[in-house]
Amino acid sequence: MNTSLTFLNSSWFWPALVGWLILMLVFFWKEWKTSGRHRLVLKMLLAGIALTSLLLVILEPALEKPAKDKVIILITEHFDQDQLDSLQKKHKEAMLIDYRQEQDLLNLKEASQIFVLGSGLADYDLHLLENLHVDFLPGQFTPGIIKLNYNKQNQTGDILNIRGEFVRPTSGRKLFLEDAAGNALDSVKLSPGQSQQFSLSTPLKVQGDYIYKLSEKDSTGQLIKSDPLPLSAYTSKPLDILIFAYQPTFEIKYLKNFLAEQEHALAVKSRITRNRFKYEYFNRPKKNISRFNSAMLEDFDLLIIDKASLKSISASQQITLLRSIENDGLGLLMLGNTEDSGLNPGLKDILFETDRTSEVTLNHLPEESFSKEAFKLQPKFGLKEIHKSDSDIISAYYRKGKGRIGTTVLTQTWQLKLEGKEEAYQQVWSELLEQLSKRESQTIIWTAMQQFAFIDEPFKFELQTSIKDPKVWTEEKYQVPLRQDLYIPERWKTRIYPKTLGWHELKAEQDSLSVFKYYVHQNQDWKNIIAYQNRENNKRFFSEQQVEKNQETNLAAIHPIWFFIVFLLAIGGLWFEPKL
Amino acid sequence: MNSTGKTLLIQFKKQWQLLLWLEVVLFAIGFFLLIGFLSGNWLWSGLFGIIISVAVLLVKKPWKIDLQKVSKHIDHNSNQLEFSTGLLLHQAEELSGVAQLQQQKISKILSTEIKNIKPKHHLGAALLTAILLAGVGYLGFYTGVTNNSGLKPTKDPNSGSINFIPTDSSAIEVDKPVLNSQEVTITYPPYTNLPKKTASRMNIKAVEGSTVSWNLNFNGPIDSVSLESTGGVKPLQKKGSLYKGSTVLENSGFYNFKFKDSTGRTYISDLYAIEVLTDQSPVIRIQDLKQFTSFDFNEDKNLNLNSIITDDFGINKAYIIATVSKGSGESVKFREEQLQFDTRIVKGKKELRLKKLIHLDSMNMGPGDELYFYVEAKDNRFPKANRSRSQTYFAVIKDTTDYGMGVETGMGVDLMPDYFRSQRQLIIDTKKLISQRGKIPTQKFNSTSNELGFDQKSLRLKYGQFMGDEAEGSISQTESSTMGEDHDHGEDPLEGYTHDHDSENEHNLVEETHDHDHDHDDETAGGENSIENYMHNHGDPESATLFTDNLKAKLRRALNIMWDAELHLRLNEPEQSLPYQYEALELIQDIKNSARIYVHRIGFDPPPIKEEARLSGDLENVNTMRKQETIETTDNFTYIKTSIKRLEILKRSDLKISEADRSLFQKAREELSQQAIENPGRYLTTLQELKKLTELQNIKVELVREVQKGLLKSIPQQTPEPQKTSQFYGELDVTIMKALE
């Protein structure tokens, strides 16, 4: 037994000891004076005992004893009743705290051992368990969606893709994707098993902020569960495209018509004959586009040019073009694959390989066949493919500074249009142009660090901006404090506590156009996903901190009555001694 | 005493009647439940139950049970009553002594016996039937099979009276005028022969040109009633308590009623659809006739035309338009005529089966002439009839004298010598000879025929040369072999003889010519090259036969046919020879056409261009041009899309609709009604709801959701379009891009 004696009032130890010594000396002196050597030793002994008892009453000696185990069982969402029962059997005096009912968690520190049952604590509560001995016993999930991934910000015309995982699906049930008004857009049949990956998609037709729904229904169409999917769709700005054609071709003519009809701004310069050109402007004012200069190119998002035209422009203008690409992010689409000689080396990074086949099907459009030139693109580091046929690269681009330079070996695509395959034509060109075009520069990127925001719970998000000292305001005109990242000064972190349900906006002071929209969910939404995320977080958290079970000892103070009795006896002895 | 016996009988009778009545009731209940469960309409089932009970009553006739019947029944069922219960029906005073004794005895026995006798009834069966029927009905009701069987009257939302909603919801508290009755009368155009139709349903489906009139009868003071439709607002005329209006249907569309009561409040009704059916054109089907028919000159040139014409309201006219073309090239002549069917046409019938036998000969058609014809039908639509026509059919009488296609584009080399054409000449001569039969002496006729036969022979021999038949002897050999073939075909048993005779005869009659011919052949053969007689040079392409195997076979056949032609000429039977000649001519034509050799045409070869002179042309009038254009795309869904967005916001807010919203919804409604014209059923509800949104003061969130749902459904799939994407390009990105380069 390694119990050691300590004093509870150990700070008084020295003064009390000094007092004790003085009293002993005074007593010794007094006894010496009055009765000399007679029974001095006995008296001194009794006095010593009495004083020591007094001293101990003051100092409160305490014995260190191993404390009784204090076990806390914390039950959270999806806990296993069997686990709880067996724990309670083993630890009869364990204290039970129900996390779901928001019970007080402040006395967790006292526990020698904590069992967390179920999916675990929310991220923001985990710090309460820091450096405590915790056993995490995750329970089983109730059937439902535990993983979900989709784009919350979309452009109209985009396909909204929703992917996720459903655990323990019930056979015969279906998962429906419903739009804001409840029209079913896509569905997936659930088949029995441990878990099922699912994917749903729908094109977005209308601009605005909407709450789509993911609903689980049984075979009779009865709604089992429905969770909201907030998403925003916005229409993109039209592109501003510059086209140079060495001679009028059908390809350019049809492309021009297609783009102009889609309300994109176009400026087309096509050579009619030697030194005679035809300038056409669609959906944009006239502008001098006869020569390249940075001011002229600045307006445009994309330059479509055939190599013959590109070769016909002077070296200095080619450099101007390259500068625009590098610095302003202009896109360049080169058509025709004649020789590269006469081009600035910066413009001929894409290499061609001979490939005699003249018909090709693209991997994502297996039904249509496209005619191509007798080349394919050579794979290379940095080359990002846009269209592929098996492993052959048909269209691709590489990045040059902020801009992109790309090309395609597809040719005579206008024939698709004549064949009535309008959709394929539009898709191929849309992909090409969209990938290459200048990106609209964003001053601020808002990133939510959590999938969902809930009422009265912290909602963390980040913003990335080159603005020096960004200021963010809520709709209620409260400023949100931001914390700058230590290593990346462009990154700022913060959290807010939403108070009301529904859509909310955050705005940056420096850029009024940049708006961060988020939807605050009700607490019962997406419970399974939250539980899954909590469980993963908790697992990680508890595996990172390995705290030994602290065998805590308690100091048990010896009751002062005993010292008082000893004191009385000793004093009694002193009183009795002269009577002998 | 007998009175007690009679009482017993009366009791028994009553009991019997009661049981029969019960039976009737059970049957009725059974059917009532069955129909009730299945149809869900208890009124009908009640009616049916009554009918069934009446029917069963008529069968069972419980009122026909009288005491006579009862006594008979009891007598039959008991052997102790000695068939005497009938006595109980009589007064004791009327009976004889023995009878009275018997009456008393029977009366006694009856009181005990009657307990064992049961009246005749099928109560058990009736009960079982009732339970069974009710069970079946309930089962049907429970499983829901009736829901889609059509037995159950589906509730038609339009069948009820017009539902007027006050535009200002505060008006609900005040008494609103009530619509007493409504009526829509559709008068179809007279040609349709459809009767006038009156209905209380306000959705109209009628033939184009129908007149529709509405009668509305209101109870209460009304200021004015108007009819709002896609065409505008039309006030209804007041006639007594009725409000009347009518219009002639031209296009599909929608309408609704709006009325103002005396206090100035307005009410609108639901939106109703007008679906205008256009009168369809007649449908013509022609059976069992090939698009292209060709006849030989000697066939029966008849075409049997069977056609079935159908129309939705009635056919007025049907006829055949036939065009005969004669000649070819520039001299082609057309003659068009209208033919009537052989079958009489009954006007106004919806389906006609018409027949026509076209005699090509009666249409003055000769070989080479072509007939084009089609059937045209008109229906009885007024004022302008629908007209439709069938495909065009062709009939051709083959022209055997036709050369076939000329070759205008290439330079053909005609390998055939001129005398190939003499087969045609022979035919002409033969025809001429036939026409002269009887006019010239027989002697002359026969000799001309024989001469023609000789010509035919010399023609055959010339062709024989092309076949590589070098000498007459060899021809004879081949002939004999072919003759054998002919024998096999059983053509003419005389042939063997005629041949022998023929060669002699030939020598007799035309020896000079023939000899000369023969000699000449020999001479040339001998004179030119003596070795040639001994060699058979196949290697020399000039002397080798120029035809392919197939052609050779064809020519061989032609030669054989010529034999037959010659035979009949020699036998002075030019008529019989003529078909052979025609056949031979046809074959020769074939050979000639296929043996044409086409020589590549020399095209235009431009002189080489001097590079330095290129693009040095005069560009004075060629100017650089500039063009500026703004293309306005007409998005037919702009307001619908904006409305969807606005509704989403409304849904989550206080549902207060502003004036701007109303006009937005109005515009969306206009856009949607454009879509709805093509597909009225699909958008009707949404249009009605949009109307409510624009008119009503207080709206419910369900309405907003329904409208949004409908609008979202109406927007079609977007086509792919390049979009401008956005990107953040920060310091980190710059660093990475630099590092990559």
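Summary of values
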| read-out | value |
| --- | --- |
| 1 or more residues under 26 Å from A:LEU513 (Cβ atoms) and at pLDDT 90 or above: qualifying strands (runs of 3 or more DSSP E) within segment A:188-289 | A:208-217, A:223-234, A:240-245, A:265-273 |
| Of the criteria (1) over 28 Å from B:ARG265 (Cα atoms); (2) part of a loop (DSSP other than H, G, I, E, B), which one B:ARG201 fails | (1) |
| Set A:TRP12, A:TRP32: member being in contact with a helix residue (DSSP H, G or I) (Cβ under 8 Å, 6 or more places away or on another chain), without any contact (Cβ under 8 Å) to a residue 40 or more places away in the chain and assigned to a helix (DSSP H, G or I) | A:TRP32 |
| Where a residue in segment A:462-477 is closer than 15 Å to A:GLU490 by Cβ and its partner, wherever it lies, is among the polar types (S, T, N, Q) and not in a strand (DSSP E or B), with Cβ under 7 Å and at least six apart | A:THR465/A:THR443; A:SER466/A:THR443; A:ILE467/A:THR443; A:ILE467/A:GLN510; A:PRO470/A:GLN510 |
| Residue in segment A:433-449 that is more than 13 Å from chain B (Cβ to nearest Cβ) and touching a strand residue (DSSP E or B) at 6+ places or on another chain (Cβ under 9 Å) present | yes |
| Residue in segment A:36-54 that is assigned to a helix (DSSP H, G or I) and loosely packed, with under 13 Cβ neighbours inside 10 Å present | yes |
| Matching option when the condition is within 19 Å of A:GLY572 (Cβ to Cβ) and touching a Leu at 6+ places or on another chain (Cβ under 7 Å), among A:LEU56, A:LEU46, A:LEU40 | A:LEU46 |
| Out of B:SER294, B:SER226, sole residue that is of a type in the set (Gly, Ala, Ser), within 29 Å of B:ASN180 (Cα to Cα) and assigned to a strand (DSSP E or B) | B:SER226 |
| Qualifying positions in segment A:385-404 - among the basic types (Lys, Arg) and within 12 Å of chain B (Cβ to nearest Cβ) | A:ARG399, A:LYS400, A:LYS402, A:ARG404 |
| Number of positions in segment A:265-285 that are surrounded by 21 or more Cβ atoms within 10 Å (Cβ to Cβ) and more than 7 Å from chain B (Cβ to nearest Cβ) | 4 |
| Check on A:LEU506, in a strand (DSSP E or B), in contact with a strand residue (DSSP E or B) (Cβ under 8 Å, 6 or more places away or on another chain) and closer than 25 Å to B:ARG652 by Cβ | yes |
| Strands (runs of 3 or more DSSP E) contained in segment A:322-385 and holding at least 2 residues within 35 Å of the chain's Cα centre (by Cα) | A:331-335 |
| Residue in segment A:306-320 that is nearest to the other protein chains (Cβ to nearest Cβ), counting only those that are more than 22 Å from A:ILE386 (Cα to Cα) and either within 39 Å of the chain's Cα centre (by Cα) or not in a helix (DSSP H, G or I) (or both) | A:ILE313 |
| Of residues in segment A:414-437 being surrounded by fewer than 24 Cβ atoms within 10 Å (Cβ to Cβ) and not in a helix (DSSP H, G or I), the one nearest to the chain's Cα centre (by Cα) | A:LYS421 |
| First in segment A:137-157 and over 18 Å from A:THR76 (Cβ atoms) and within 14 Å of chain B (Cβ to nearest Cβ), second anywhere and of a type in the set (Gly, Ala, Ser) and outside any strand (DSSP E or B), Cβ under 6 Å, 6 or more apart | A:GLN155/A:SER236 |
| Scope segment A:290-311; condition among the polar types (S, T, N, Q) and at pLDDT 90 or above; matching residues | none |
| Counted residues, segment A:306-350 - those being of a type in the set (S, T, N, Q) and within 20 Å of A:VAL409 (Cα to Cα) | 4 |
| Answer residue from segment A:58-89, given it is in a strand (DSSP E or B) and touching a helix residue (DSSP H, G or I) at 6+ places or on another chain (Cβ under 7 Å) and is farthest from A:LEU132 (Cα to Cα) among those | A:ILE75 |
| Every residue from segment B:325-359 that is more than 27 Å from B:ASP379 (Cα to Cα), among the acidic types (Asp, Glu) and under 30 Å from the mean Cα position of the chain (by Cα) | none |
| Answer residue from segment B:236-257, given it is more than 43 Å from the chain's Cα centre (by Cα), part of a strand (DSSP E or B) and not aromatic (Phe, Trp, Tyr) and is farthest from B:GLN674 (Cα to Cα) among those | B:LYS239 |
| Number of the exception - A:LEU255 against (1) more than 10 Å from every other protein chain (Cβ to nearest Cβ); (2) free of Cβ contacts under 8 Å to residues at least 24 places away in the same chain | (2) |
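The values are calculated or read from the model by the stated rules, or taken from the named source; none is laboratory data. These numbers come from a predicted model, not from an experiment. We place every Cβ from the backbone using ideal geometry, glycine too, and count neighbours over all the protein chains shown.
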